[in-house]
Amino acid sequence: MSLPAEVPVTLLWVRNAMRVADNPALAQAAARGAVVPVFLHPESSIGPSAADGARGGASRVWLHQALLDFDAALRGLGSGLVVRRTDDPVGELGRIAAACGATAIYYDCRVEPDARVVESRVEQELGRRIEVRGWHANLLLTPGQILNGQGEPFRVFTPFWKAACRQLGVFRLAETPTRLRSPTGASGRPLPGLDIDALGLMPAHAWPGTLLSAWDMTAAGAERRWRGFASDTPGALGNYGEGRDIPGTDGTSKLSPYLHFGQVSPRQLWNDVLRAQGQTHAEVLPEGPRRFLAELGWREFAQQLLFHFPHTLTEPLNSKFSAFPWDSDPRLLRCWQRGQTGYPIVDAGMRQLWATGWMHNRVRMIVGSFLVKHLLLPWQDGERWFWDTLVDADAASNTLGWQWVAGCGADAAPYFRVFNPILQGLKFDPDGDYVRTWVPELASVPRAFIHAPWEYGLFRGVAYPEPIVDHATARARALAAFARIKAGD
């Protein structure tokens, strides 16, 4: 049945805020009147990198599950997603708004360059006749909110985060609607849309099965993960200062994919941490909770950088590195992608990534350094592989991470920092638990040799490759190449 004409209708343009709680666009739409939630998926939806604006393979698997979950939550409130495929989002939003009599479009903002272009067009072309309003629902800070003393974006994290923490207290969260009024089309029937399965997000091969077995890709899954991490037992949050660096233990929140898809609110996490400690500001927290909030800060830093420097999706922030003498070797790249480098900590990380769509952050730095400094392969090669295989593939975070490890971005690692994969393994996986989990062919290698099994001398019967490069030789080559760039200062 159609609603009375006096009830205003809002088109809720769903992008990456797939939750009911603390969703300002949804809350404002529900308070205004009837709500039509819409998700638009591009016809051309597979891209090799973040610069293409299309999602990678693992991200598509998560998106499929997140859409099913969010649609079910909306239906429980009396509504449901209208799903369409289109390469003309502005025109499609206009047509849907006309069909349901919407007088407003509310949406969750994004920082990716292509997404911002679409937002601008929606505001310019549709905002002339109806209200158009967006919220940065998945951020603690509005892009551009934190600037340095010269009114410019910060390029170093520590001063950025200090300035941010001075502004961040306990958030007032958006109201959670308990019921949604849902209009019908002009014909008196529900607006037509596609089944989520019709989007073709799930690949036909077996890989999605391993991802699904590793994760609960729902908002409820995010809630359970957060409560377990933040509880007193096992105390991962309280021990986060040390535990976050040990890949063989469950010491991190693993909330990054839920944050990316907006299944959990960063503002809710922020509030939970502060209130659990009886505080109103992050600077006074114990080390574990404070370091966790700083990791949310790194995410914010990445989003701010991409907002201000959109060219960094493909080009280095430090323009000198445009002339860096990168190598090109498909064989070495393939060995790295498949976890066959001969360095156990590197191979463990790459195999964890392929099996679960996620990799421990400490190991991300190690494998990234190995690609760009041991192999001298472009950071863009790593970005493309991570974009396709990470369930938490995020354009801003992916770009920041890869340019950091390559030494060409904001707050970058010094060019002379070349992680020794053997020493990194000994420091952060001293007993070899992480390596034995993901490189089972080394399970019988003694602890003393687990990170340099070639020194054990028992490759007989062990199907594990010898190192594809010598560490000392690769390090010297990398330092020489980076020094040439440094000399250009």
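None of TRP379, TRP404 is under 22 Å from PHE324 (Cα atoms) and modelled with pLDDT under 95 except TRP404.
For the range 155-164, the set of residues classified as within 17 Å of TRP270 (Cα to Cα) and either in a loop (DSSP other than H, G, I, E, B) or under 22 Å from the mean Cα position of the chain (by Cα) (or both) consists of TRP161, ALA164, listed by residue number. For the range 342-362, the set of residues classified as assigned to a loop (DSSP other than H, G, I, E, B) and surrounded by fewer than 20 Cβ atoms within 10 Å (Cβ to Cβ) consists of GLY342 only. The residues in the range 424-450 that are touching a residue at least 12 places away in the same chain (Cβ under 8 Å) and part of a helix (DSSP H, G or I) can be counted, and the count is 13.
Being part of a strand (DSSP E or B) and hydrophobic (A, V, I, L, M, F, W, C) is the filter here, so list the residues in the range 17-39 that pass it. Answer for the range 17-39, where residues must be part of a strand (DSSP E or B) and hydrophobic (A, V, I, L, M, F, W, C): ALA34, VAL35, VAL36, VAL38, PHE39. Looking at the range 451-486 only, could you name the residues that are of a type outside the set (A, V, I, L, M, F, W, C), under 20 Å from LYS373 (Cβ atoms) and not in a helix (DSSP H, G or I)? Within the range 451-486, HIS451, PRO465, GLU466, PRO467, ASP470 qualify. Scoring ARG477 on the criteria (1) at pLDDT 90 or above; (2) of a type in the set (Lys, Arg); (3) under 24 Å from ARG351 (Cα atoms) leaves a single failure, condition (3). Can GLY339 be described as buried (at least 22 other Cβ atoms within 10 Å of the Cβ) and outside any helix (DSSP H, G or I)? Answer is yes for this residue.
Residue count for the range 134-164 under the criterion of being surrounded by 18 or more Cβ atoms within 10 Å (Cβ to Cβ) and farther than 19 Å from LEU400 by Cα: the result is 4.
Answer yes or no: is there a residue in the range 185-195 that is crowded, with 18+ Cβ neighbours inside 10 Å and part of a loop (DSSP other than H, G, I, E, B). Yes: one or more hits.
Quick check, is GLY382 outside any helix (DSSP H, G or I) and touching a helix residue (DSSP H, G or I) at 6+ places or on another chain (Cβ under 8 Å)? Here the answer is no, as GLY382 does not meet what is asked. Filtered by the rule that a residue be over 17 Å from VAL405 (Cβ atoms), buried (at least 16 other Cβ atoms within 10 Å of the Cβ) and not hydrophobic (A, V, I, L, M, F, W, C), the range 300-328 gives GLU300, GLN303, GLN304, HIS308, PRO310. Taking the range 385-421 as the range and being outside any loop (DSSP other than H, G, I, E, B) and of a type in the set (Val, Ile, Thr) as the test, the residues that pass are THR389, THR399, VAL405. Among the conditions (1) touching a Ser or Thr at 6+ places or on another chain (Cβ under 8 Å); (2) within 30 Å of GLU300 (Cβ to Cβ), the only one that GLY368 does not satisfy is (1). Among the conditions (1) under 19 Å from LEU67 (Cα atoms); (2) of a type in the set (Gly, Ala, Ser); (3) modelled with pLDDT under 90, ALA206 misses just one, which is (1).
The values are calculated or read from the model by the stated rules, or taken from the named source; none is laboratory data. These figures come from a predicted structure and were not determined experimentally. Glycine also receives a Cβ, built like all others from the backbone with ideal geometry; neighbour counts cover every protein chain displayed.
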